Amino acid sequence: MLKKYIIFALIAVLGFYLASTFKAIPFGANRLGDLNNPETVSAFYLQKSPEDLHVANTITAIVVNFRGFDTLGEVTVLFLAVTGLMSILYRKEEEETEERLAIPSSSLVRTGAKILFPLILVLGIYVFVHGHLTPGGGFQGGAIIATGFLLMLITYKTFYTNHNVMTWLESIAGLGFVAAGLYGLIVYGSFLQNTAWTGNLNDLISGGLIPLIYIFIGIKVGTELTSVLDTLLNIKPRKK
Amino acid sequence: MVISPVHYIVAPLLAAFAIALLAKIYKNAARLVPGIVLFYNIIVSLVLMPQVLEKGMISEVIAGWKAPWGINLVLTPFSAFLATSVSVIGFAIWLYGYKFKVRLKGGEVKYYEILQMMMIAGSLGVIITGDLFNMFVFIEIVGITAYSLTAFYRGRDGAEASFKYLLIGSLASTFLLLGILIIYTQTGTLNMAQIAERMPMVPQTMKITALIFFLIALGIEAEMFPMNGWAPDAYSQAPSPTSAVFAAVVSVAGVYALIRVTFTLFDVEGIHQYLIVMGFVTMLVAEISAVAQANLKRMLAYSSLGQMGLVLIAFGIGSHLAVFGAIFLMLNHAVIKALLFMSGSYFIYNSEDKRLVGLNGIHKRLPFVSAIFSIAAFAIVGFPPFSGFWSKFYILIAAGDKNMIILIIGILMVTIIELVYYLRTVARIYFYKDEVEHTEHRPSINAIISMSFMTLFIIVIGVYPDLISGYLHQAADSLLDKANYIQHILK
């Protein structure tokens, strides 16, 4: 009993300390300073992304260009998570198989899923194609696409994704991202650099390589998340 | 295209994404491509190392935004030296493990090779990045690959070790992110040089809170007591080449991250004393635990923790000579411990159980591997003709210069403990009666080449430490000269 109180007291002290520390940080306050003479990176990004990159969505400019290298890393983290998951959950063909769906879904769900599936895909593609103009982008679009596949996977017993196609799409999207980076390295001397044909602000084709990279990210995230869901849901042995 | 630091990362990434496709065309591609990539990284190191020594530092910008605004990669003599060692050892481990799991069918090998290569690439990223958040991303890459590889054998124990590692690794990531968040709110930047420059202006409470988050998070990565409970399980359950990578590459990257953050970013008093005390406790607890182990890989894992503790002590002493010794020890530990895991795994492969009993009299069956294991064991304890002697020697001299008599006594006493269990193991190999059933698995030719190369390194450096001491002195200087780091990057 005493032990419990001591732990509780310790957590309370720690919580109080952290709360008072974080309270001192003025989250949400405007601390940008002078935009034309930037001191912090946020001010610099806000000023540069419409001016130099001609990208309307500053978040996209940060994610794909200013900190594109981090994004490449994050995409790789997702890729490695999928690879790791497959290496652990890989099933040999002789192992026992189980049914994915214990209870078949009703015809209402099946019909609804069939109608919704293409619409979800279109929405996902729209979100990542317009990533540099409107809120959202590759990660969000990819996640939306994966939800579409999830809907199909949990509705139809016989729905399987084609692993060959998935592998090809995933690899080509990943290689495309790195190739776009290498283009910058070879042409301008800096990895992921992007200064040519940036177009006009707010146009669909603007921002140079940024929309292209975001499309690659969208495809990659979509296929990878779908692979995760498929690996976790799919108990059927994989055909080679 | 001129070779620049970004090649360290881009080549493995390209390969990782391409392996899935290449494996469809040519079956052996999954095994070959990582070797080519790791060899390419050695070439990158060989090209960049002279440039770094000549100019003092190389800073490369990513996406064309110069230092404080974009992400930059920095090769100081310190990080270039570690990157070079990691590339070379990574390649040696690949060569050793080339025939690994030949009996497995295509798919699993592909996953294994991708994960192993990316673990080395992620560690390289941690070492060469000059941006705090970028470092977090690379630590994530190392973490994800490490969890998966720990569970690669899909056994009960592997799953347990992996899950433990996953939990504590996620805690580390969360704390690291919180620390970065606090730093970012206070300085408005993520570039390490600029953070270091603005650090004196940060309020003391914020600084201390952020430092605590960093110390916990990076302490987990650098295997500092008491956050290192995951390490022995993960080391002993992972496939053997992976254990070697854990010891030789991942722990080096973890210690580098910890040292870079505490030495360059923060200007808090008392951090050196903290490193000495925690390093010593880590070392003492780990070495005492190692004596009690009946499993060879667990014993080696605890010994790894002990060595990391000594590295932290040496960094904590903080003088030029101590840092010199610490970097020397990092290199030695990487080479020797990798070698111990490589040769040790052949013992395990040849005996029915993983316990030390299986080593009894094994030298008759595996004379070459036994000799290598014994040399490595003597080297890591610090016997004179081998390289391990010099690093320990310099650390003790550095401690003596600062009149830390108790520390010297402590280190020497822990060395005796270390001596006990390594000599006991070597004695088992050579002098015990062979009672356990053995299977016959001779080392493959590539493993022999790889292990001989590393043994040669231990002996050559042991006889002529001057071959690398010039690099080490420059590396130690560059780590201690914070003003130069800031000025060079932000100029």
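No lab work stands behind these numbers, since they all come straight from the coordinates. The shown structure was predicted, so the numbers you read here are calculated from the model rather than taken from an experiment. Neighbour counts are summed over all protein chains in view; Cβ atoms, including those assigned to glycine, are modelled from backbone coordinates with ideal geometry.
See the values below:
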{"quantity": "Residue order, fewest to most beta carbons within 10 Å, for B:Y394, B:Y256, B:Y98", "calculated": "B:Y98, B:Y394, B:Y256"}
{"quantity": "Cβ crowding within 10 Å averaged over residues, with A:11-23, B:179-191 ranked highest first", "calculated": "B:179-191, A:11-23"}
{"quantity": "Largest to smallest principal axis extent of the C-alpha atoms in the protein assembly as shown, angstrom", "calculated": "75, 66, 64"}
{"quantity": "Average beta-carbon neighbours from other chains, 10 Å sphere, peptide B:11-19", "calculated": "5"}
{"quantity": "Partner chain coverage, peptide A:16-22 - average Cβ within 10 angstrom", "calculated": "3"}
{"quantity": "Mean ellipticity per residue at 222 nm, deg cm²/dmol - from DSSP H runs of n ≥ 4 across the protein assembly as shown, formula -39500 (n - 2.57)", "calculated": "-23500 deg cm²/dmol"}
{"quantity": "Net dipole in debye of region A:100-240 [+1 Lys, Arg Cβ; -1 Asp, Glu Cβ; about Cα centre; nearest 20]", "calculated": "780 debye"}
{"quantity": "Long-range lysine pairs (8 or more apart or interchain), chain A, Cα under 15 Å", "calculated": "5"}
{"quantity": "Distance histogram in 10 Å bins (all Cα pairs of region A:1-94, percent per bin)", "calculated": "13, 20, 19, 23, 18, 7, 1"}
{"quantity": "For region B:343-414, radius of gyration divided by Kirkwood radius, i.e. Rg to Rh on alpha-carbons", "calculated": "1.18"}
{"quantity": "Projected area averaged over orientations for region B:396-462, convex hull of C-alpha atoms, nm²", "calculated": "7.2 nm²"}
{"quantity": "Average partner coverage of A:171-177, which counts Cβ from other chains inside 10 Å", "calculated": "4"}
{"quantity": "Residue order, fewest to most beta carbons within 10 Å, for A:H163, A:H130", "calculated": "A:H163, A:H130"}
{"quantity": "Whole-angstrom gap from region A:42-78 to region B:332-358, using each part's C-alpha centre", "calculated": "47 Å"}
{"quantity": "Relative contact order [Cα under 8 Å, 6+ residues apart], region B:329-381, whole percent", "calculated": "47 percent"}
{"quantity": "Sequence ranges B:365-371, A:111-117, ranked by mean other-Cβ count within 10 angstrom, highest first", "calculated": "B:365-371, A:111-117"}
{"quantity": "C-alpha center-to-center spacing [region B:192-211, region B:418-491] in angstrom", "calculated": "36 Å"}
{"quantity": "Sorted largest first, extent of region B:1-79 alpha carbons per principal axis (Å)", "calculated": "44, 27, 22"}
{"quantity": "For region B:259-298, radius of gyration divided by Kirkwood radius, i.e. Rg to Rh on alpha-carbons", "calculated": "1.22"}
{"quantity": "Relative frequency of Cα-Cα separations exceeding 19 Å in region B:1-147, percent", "calculated": "53 percent"}
{"quantity": "Descending Cα extents along the principal axes, region A:57-233, whole Å", "calculated": "56, 35, 21"}
{"quantity": "Kirkwood estimate for region B:7-490, i.e. one over the average of 1/r between Cα atoms, Å", "calculated": "22.4 Å"}
{"quantity": "Relative contact order of region B:283-367, defined on C-alpha pairs under 8 angstrom at six or more residues apart (%)", "calculated": "29 percent"}
{"quantity": "5 Å binning of all Cα-Cα separations within region A:34-77, expressed as whole percents from 0 upward", "calculated": "6, 24, 26, 21, 14, 7, 2, 1"}
{"quantity": "Relative exposure of A:Y160, A:Y5, B:Y96, judged by other C-beta atoms within 10 Å (fewest first)", "calculated": "A:Y5, A:Y160, B:Y96"}
{"quantity": "Volume of the Cα convex hull of region B:133-239, divided per residue and given in Å³", "calculated": "87 Å³"}
{"quantity": "Cα-based Rg of region B:358-491 normalised by 2.2 N^0.38 Å, two decimals", "calculated": "1.41"}
{"quantity": "Relative contact order of chain B, pairs being alpha-carbon contacts under 8 Å that are 6 or more residues apart, as %", "calculated": "16 percent"}
